[in-house]
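Here the structure comes first, spelled out in structure tokens, and everything after it is commentary.
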Amino acid sequence: MSNDFSVKFERVCDVLDKYENNPNKLIAILQEIQEEYAYLPEDIMTYVATALGISPGQVFGVATFYSHFTLEPKGKYVIKVCDGTACHVKKSEEILKVLEKELGLSSKVKTSPDSLFTLETVACLGACGLAPVVVVNEDVHGAMNKDKTLAMLAKIREEEKTHA
């Protein structure tokens, strides 16, 4: 077990202590754990179940019911492509295909091997006036097209090179 994992595991124990191992606080506990790991590791969820005195099935049930929880690691940059009506009509599917091709991803493989990018399609981002919309982490990019999408990726990759 790496030292980094041990430090994060200590953080899980701190979160459980903070909520006094109260199973009624499961959602808040899982939210804080996901902030630490960027996803909910299976072994950690099993540990949480044991610590809270509930079944692992209950923990997994909550983690899979709420869409803001993820059971798989995500990349440093989570790219969400809106495919709501307004975005779809303005060709968001083309943007998705460009991103899949450029990042080597598909509907089955959502995170790049270098863990830099995760690509998701969402039903609506609530920014129909900016259609088609792409969100990278918290940054909203409106009126996107293939060229703007490729430029956005190039900028992110360049920033990564300068910070590496």
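Observations on the structure shown:
- Evaluation of Glu94 against (1) among the acidic types (Asp, Glu); (2) under 20 Å from Gly142 (Cα atoms); (3) in contact with a strand residue (DSSP E or B) (Cβ under 9 Å, 6 or more places away or on another chain) (one fails), failing number: (3)
- Test for Leu71: is it assigned to a loop (DSSP other than H, G, I, E, B), of a type outside the set (Gly, Ala, Ser), surrounded by fewer than 17 Cβ atoms within 10 Å (Cβ to Cβ) and on the phi < 0 side of the Ramachandran plot: yes
- Matching entry among Val59, Val122, Val136, Val78 (being touching a residue at least 24 places away in the same chain (Cβ under 8 Å), touching a strand residue (DSSP E or B) at 6+ places or on another chain (Cβ under 8 Å), surrounded by 17 or more Cβ atoms within 10 Å (Cβ to Cβ) and among the β-branched types (Val, Ile, Thr)): Val78
- In the set Val135, Val140, only one residue is more than 15 Å from Leu96 (Cα to Cα) and in a strand (DSSP E or B); that residue is Val140.
- Scoring Leu116 on the criteria (1) in the same structural domain as Met144 (by TED's automatic domain parsing); (2) loosely packed, with under 13 Cβ neighbours inside 10 Å; (3) among the aliphatic types (A, V, I, L, M) leaves a single failure, condition (2).
- Output for segment 22-59, where each listed residue is in a loop (DSSP other than H, G, I, E, B) and either closer than 27 Å to Gly75 by Cβ or not assigned by TED's automatic domain parsing to the domain that holds Val7 (or both): Ala38, Tyr39, Leu40, Pro41
- Scanning segment 76-96 for residues being under 26 Å from Ile44 (Cβ atoms) and either out of contact with any helix residue (DSSP H, G or I) (no Cβ under 9 Å at 6 or more places or on another chain) or part of a helix (DSSP H, G or I) (or both) gives a total of 2.
- Residue among Leu99, Leu119 that alone is touching a Leu at 6+ places or on another chain (Cβ under 7 Å), at negative phi, modelled with pLDDT of 95 or more and in a helix (DSSP H, G or I): Leu99
The values are calculated or read from the model by the stated rules, or taken from the named source; none is laboratory data. Because the structure is predicted, anything quoted here is derived from the model rather than measured. Glycine also receives a Cβ, built like all others from the backbone with ideal geometry; neighbour counts cover every protein chain displayed.
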